[in-house]
Amino acid sequence: MEDIWFYDYPIGRLGIAAENASITRVFFAANSAEVPTAKTQLIEAAALELSEYFRGERFEFDLPLSLRGTDFQISVWTALRTIPAGETRSYKDVAVQIGNPLACRAVGMANHRNPVAIIVPCHRVIGQNGGLVGYGGGLSVKKYLLEMEERYAG
């Protein structure tokens, strides 16, 4: 069973979930009906790393993750973790990186299903024309994260 706790950040309230000594989810809690269950040491460590991220002190996370998805989704999420802070890639770039250049739309769907927001930086994926497209936290949050990263890491 997942333990869940909620924390407030500059982009709003995030839920952090952990199970079996791994972070399983980081999610936007604004519309979530989930209730907190336990604030574990691992969840507190994740919350601290996220706080450091928002202060511009950390852009690589050192947390055990349990990514639950299809092999394709996990390949996309793994590729996302290679995008440096302050940089972006298009859906096509990610599709090419995972060896499936025609899978742009599927990359978008995997991005949409990313269970670990920010730590698996799906916000760094943009449209082929350079425009901001789709983000679970909303485009204003995506813009905030990209501008923050560019300011601190770029």
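Each reported figure results from applying straightforward, stated rules to the coordinates on display, with no laboratory input. Model, not experiment: these values are computed from the prediction. Here the Cβ positions follow ideal geometry from the backbone for every residue, glycine too, while neighbour counts run over all protein chains shown.
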Relative contact order in percent for the chain (Cα pairs under 8 Å, 6+ apart) equals 22 percent
Lys and Arg at +1, Asp and Glu at -1: add these up for the other residues within a Cβ distance under 13 Å of Val94 and post the number. +3
Taking a ≥ b ≥ c as the square roots of the eigenvalues of the Cα gyration tensor of the range 1-151, is the shape rounded (a/c under 1.5), prolate (a/b larger than b/c) or oblate? prolate
Can you find, among Phe28, Ala117, Ser90, the residue sitting farthest towards the positive end of the charge dipole of the chain, where Lys and Arg contribute +1 and Asp and Glu -1 at Cβ? Ser90
Just check the range 3-54 against the gyration tensor rule for me: Cα atoms, a ≥ b ≥ c as the square roots of the eigenvalues, rounded for a/c under 1.5, and otherwise prolate or oblate depending on whether a/b exceeds b/c. oblate
I'd like the orientation of helix 71-80 relative to the chain: the angle between its Cα long axis and the longest Cα principal axis, in ° from 0 to 90, rounded to 10. 90 degrees
Take each of the peptides 47-60, 29-42, average the number of other beta-carbon atoms within 10 Å over its residues, and list them starting from the highest. 47-60, 29-42
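Using a/c under 1.5 as the rounded threshold, could you call the range 71-153 rounded, prolate or oblate? The axes a ≥ b ≥ c are square roots of the C-alpha gyration tensor eigenvalues, and prolate needs a/b larger than b/c, oblate otherwise.
Prolate shape, in that a/c is at least 1.5 and a/b is the bigger ratio.
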Relative contact order (percent, whole number), the range 1-81, Cα cutoff 8 Å, 6+ residue spacing: 27 percent
Angle in degrees between helix 139-153 and the longest Cα principal axis of the chain, rounded to the nearest 10: 90 degrees
Charge dipole (debye, nearest 20) of the range 71-153; +1 at Cβ of Lys and Arg, -1 at Cβ of Asp and Glu: 140 debye
Once both axes come from the Cα atoms, what is the angle between helix 41-54 and the longest principal axis of the chain, in degrees from 0 to 90, rounded to 10? 50 degrees
Sorted by average packing, counted as other Cβ atoms within 10 angstrom per residue and highest first, what order do 117-126, 141-150 take? 117-126, 141-150
Value of [θ]222 nm, deg cm²/dmol, for the chain, DSSP H segments ≥ 4, -39500 (n - 2.57) each, nearest 500: -11000 deg cm²/dmol
